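Rule-based calculations on the coordinates, nothing more; no lab input. Computed from a predicted model, the values in this text were never measured in an experiment. We place every Cβ from the backbone using ideal geometry, glycine too, and count neighbours over all the protein chains shown.
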């Protein structure tokens with residue numbers, strides 16, 4: 001289904017081996033059990049499922065899930081999306097730092113250096129996608145032009161890098177200002 005300039009696609013199934021609930025409270029999910037059956041017409045809020053390795057017993061252990069509807073946004077006293085941003089920060093804080101001992105080739109070495117600057121990619125991706133989902137869920141998203149969408153998505157990417165990695169790396173902050181300036185300039189008749 002088209003949303004403004006952005007296409008919304010059905011979420012893919014994510015394999016699950018058991019553990020703590022992998023998505024924020026309030027997220028509507030569909031699950032696939034080890035018996036192969038689906039929650040089907042009974043999707044529910046993630047916090048109501050048993051995500052443990054034992055699950056509901058044989059035939060009712062969750063083996064895969066997909067997000068049907070993200071958790072609602074919370075506007076808190078600390079600003080818009082404060083609850084969502086706190087959940088993202090909690091997920092980042094829970095991650096371990098990358099192991100620098102795996103630099104066996106030039107690509108691995110480059111990735112290790114980026115990881116040292118920006119933090120673990122998987123937590124960056126989680127934070128970045130969380131911010132982008134929060135933005136896409138607002139009605140104003142559908143009113144944006146392509147350059148505005150791209151600028152906001154790149155700004156979200158840079159914010160996630162700052163929160164996940166080195167907050168004192170000036171280039172990340174300069175990049176945010178640059179993306180905002182590109183849109184502002186275009187709105188004032190100067191295209192770059």
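FRET efficiency for the residue 120 to residue 190 pair, using the beta carbon distance and R₀ = 35 Å, is estimated at 0.35.
Descending by average beta-carbon neighbour count within 10 Å, the peptides 121-128, 174-181, 106-113 line up as 121-128, 174-181, 106-113, the highest first. Label separation (residue 105 vs residue 133): 3.3 nm, computed from points 7 Å beyond Cα along the C-beta direction.
Note on residue 28 and residue 173: the extension gain reaches 48.8 nm, defined as 0.36 nm multiplied by sequence separation minus the Cα-Cα distance.
If a spin label sat at a point 7 angstrom from the Cα of residue 150 along the line to its beta carbon, the backbone N atoms of the range 160-192 nearer than 11 Å would be those of 183, 192.
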